[in-house]
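The values are calculated or read from the model by the stated rules, or taken from the named source; none is laboratory data. Everything numeric here is computed off the predicted structure, so don't read it as measured data. Glycine gets a Cβ as well: all are built from the backbone with ideal geometry, and neighbour counts include every protein chain shown. Note: accessible area is taken over every heavy atom of the protein model, side chains too, but ligands, DNA and RNA are not part of it. Shrake-Rupley method; radii C 1.70, N 1.55, O 1.52, S 1.80 Å.
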Amino acid sequence: MQDAWFALWLPQKNDYITLASYPEPQEYLDAITEMNASENGNEERLKSYLENTGWKARKNGRDLTIAKKDYDELADKENLIITFKDNTEVWKVWIRVLGTLIDTDETNKYKLDYQQKEHTFIVKPVENDYFQAVLSLSLYKNDIEFLKQFRRVFRKSHYCAGCRVCEANC
C-alpha cells in the first residue's frame, strides 16, 4: 500500500516543486510547443500533450524540430535497411547490450550472438560518412523482438551525443 501512495505522491511533489521554482512557466511551455514536431499543426493533440505532460516522457529527441534528419529505416520484402551517419562506429558499442558481436572474415559482415542464436547482418559504408545496416527479413520475420532491438541499437547509436546519461539506465 505504501508503494502505491508513493507512486501517486511523487508526481504531485515534482509538479509542486516545478511550479514553486518556475511560477510563470509559459516561456518553457512555448519552447516545448515550438520544438515539438510530432504534434505540430494539430492543436487538439498539442494541447493534450502539454496538459498531460507528454514532454516529460523519456524520448530520443527525434520528434523535435531541431533533431537531425539523417537517419532512415526502410523495410522492403527482403531486407531491413537502416541508413545512418556514423563515422565513429558507435553502433559497435551500443550493440553489446544485445549480445556478443563476432567479426567474420568477410568485409562488412557481422554476426551477433543474441539469446544463444547467431544473427548475421551487414554494415557497409555508402557515401559521405553514411552507412547502411542490412538485415535479411526472411531470416528474422518470426523474431520480432530481435528486429525491434536491432533497430533500436542503430537509432540510439545514431542519435548518441556521448553524454553518458544512458549509463544510469543500464
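For the residue pair Thr33 and Asp105, what label-to-label distance in nm results when each label sits 7 Å from Cα along the Cα-to-beta-carbon direction?
So the label points at Thr33 and Asp105 sit 6.4 nm apart.
Compute the Rg/Rh shape ratio of the range 110-151: radius of gyration over Kirkwood radius, all on alpha-carbon atoms.
Radius of gyration over Kirkwood radius for the range 110-151 works out to 1.02.
If you take the square roots of the eigenvalues of the alpha-carbon gyration tensor of the range 82-123 and sort them as a ≥ b ≥ c, do you get rounded (a/c under 1.5), prolate (a/b over b/c) or oblate?
Oblate shape, in that a/c is at least 1.5 and b/c is the bigger or equal ratio.
Excluding ligands, DNA and RNA, what is the solvent-accessible area per residue of the range 72-139 at a probe of 1.4 Å, expressed in Å²?
Here the per-residue accessible area is 64 Å².
From the C-alpha coordinates alone, can you work out the Kirkwood hydrodynamic radius of the range 87-170, in Å?
The answer is 13.7 Å.
Do the alpha carbons of any pairs in Lys85/Lys111; Lys92/Lys117; Lys47/Lys77; Lys85/Lys148 sit beyond 28 Å of each other, and which pairs?
Lys47/Lys77
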